[in-house]
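The values are calculated or read from the model by the stated rules, or taken from the named source; none is laboratory data. The structure displayed is predicted, hence computed values, not measured ones. All Cβ positions, glycine included, derive from the backbone under ideal geometry; neighbour counts span all protein chains shown.
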Amino acid sequence: MLAVVNFEFNFNQILNKLNSNSDLIFEKFVSNSSDIEQNKLFLLIPIFELEDKKTLYLKSNLLEKNRKIEKSNDFYNFLTIFFGLSFALIAFLLYKTKVQKFRNKLLKNSYDDLLSQVDKYVLKLDTDLDGKINFVTKYFCEMSGYSKDEILGKNVNILRHPDMSQNFYKNLWQELRAKKIWQGEVKNIDKFGNTYWVKTSLFPKYNEKNKHIGYASIRTDITATKQLEKTNRLLKDDLSNRLNDLKIKDETALNSLKVALMSKILDSFSHQWKKPISKIYFELLKLENIKKDLDTLKIEDVKNNIESELRELSDMLNETKTLFSSRQNMSSNLFDIVKSLSNKFDNSLLEIVYDFDENIKINFAHNDLKNIIINILSTIVEFAKKYSLERVIVNISLQIEENSDEIVLKIEDNIKDIRKKEFFEQFLNFEDENKFDSKIYLAKLLADKNQAIFLCNILENSTSYYIKFKKAKIF
């Protein structure tokens, strides 16, 4: 069974509705060519085939327009992007330009501040190759006394001080012309003739093409330093002169003291000479009285006594010579001195006991130390003879202080006689010049001569003598 459906429609009405409801323009188109569908200039919508193998199409003629619109839209989009990027680039360039201008302004302000500071506080002077001044700072003008108008264009020699030699500047210019840097101290003169000193650094100056066009200098004012050096030098010279004057005065005073001390020592010696001379005179009187008897024993006794006194007197005279000798040995060996004196005194009356290092040497004139010990021992013997004492024991010792270069020589007897205090005190009153003829007084003077300290301590059971002086060296 075959059924047929028949559709009827008005194609024109459809076209009208499509055209009224769309931006496109549609029209009816019939063709039997398949190539026409490949034409990109039209939009063809096949509706149905006709009996003669033709096809009914719905054709839109606005495809080309739409393509043009698309191209226009693409072009406008490109322009939008281009102008957007251009605007962004311009904005970025404007920002960078503004930032750079701000930085340049800051740099310029800093540069201006720097130039202002240099102008106020730096001594700067520039010259051309011939030495004509073409730049100075305000501070340099204040230092030199010239205004900029007065000094610009002038030769730098206007600042030269007459004390600076021609040879100095000759060497300076030789180094500059050899394009070397020169540094040194220069004495200049200002507009009013006043002197000032500068420490200068001079160096070649070049333009932007690296052409040598002149010389630049940076200077430091050292006038105050130079004045201080001069003042110190004058004060040093004055102090040196005063010290020399004081030294001369001290030497004069010291010489006066030495003369006074030597005078006292000689006076003491001279009075001690009287004793052996008097004894010799007394023995000669005895000889006068016994010459008639011609007693050989008595004559021999007188002879021995005279010889003994003459020896003592001769020893005194020899010791006196050493007082003025500049060649006197100033290092004494105490052990050798004491050992040599052991046989000088009567062993039956005086026993000398000593025990100390034989290598110790003392900063003391050898003969003076020997005489001090002799005079102390002689005083002890004199007391023992006067009061007919038995054998006296004398101990000689050294007291060396730790961590010190001082030595104390101690001479101590064992006399236990109540009369000794009165006997010794009459000799130990060193303030009484009437006692200058005693042996103890002479020992004290010899200690003073060698800058030693002499002390005496009288006790009931002993008498001690102390001499404090410097140790020389232990070998």
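Regarding region 344-359, can at least one residue be identified that is surrounded by fewer than 20 Cβ atoms within 10 Å (Cβ to Cβ) and in contact (Cβ under 8 Å) with a residue 60 or more places away in the chain?
yes
Do you know which residues across region 130-145 are of a type in the set (K, R) and in a helix (DSSP H, G or I)?
Scanning region 130-145 gives a single hit, K138.
Filter region 455-475 for residues that are under 47 Å from the mean Cα position of the chain (by Cα), modelled with pLDDT of 85 or more and of a type in the set (A, V, I, L, M, F, W, C) and give the result.
Of everything in region 455-475, just one residue is under 47 Å from the mean Cα position of the chain (by Cα), modelled with pLDDT of 85 or more and of a type in the set (A, V, I, L, M, F, W, C), namely I467.
Go through the residues of region 418-427 one by one and say whether even a single one is within 26 Å of L349 (Cα to Cα), modelled with pLDDT of 85 or more and not charged (D, E, K, R).
no
Could you please give the count of residues in region 118-144 that are over 14 Å from L159 (Cα atoms) and either more than 33 Å from the chain's Cα centre (by Cα) or surrounded by 14 or more Cβ atoms within 10 Å (Cβ to Cβ) (or both)?
12
Which members of region 146-156 meet the condition of being in contact (Cβ under 8 Å) with a residue 24 or more places away in the chain, more than 15 Å from V198 (Cα to Cα) and either assigned to a loop (DSSP other than H, G, I, E, B) or of a type outside the set (D, E, K, R) (or both)?
Y146, N155 - these are the residues of region 146-156 that are in contact (Cβ under 8 Å) with a residue 24 or more places away in the chain, more than 15 Å from V198 (Cα to Cα) and either assigned to a loop (DSSP other than H, G, I, E, B) or of a type outside the set (D, E, K, R) (or both).
Kindly indicate whether K53 is surrounded by fewer than 10 Cβ atoms within 10 Å (Cβ to Cβ) and either at pLDDT below 80 or within 60 Å of the chain's Cα centre (by Cα) (or both).
yes
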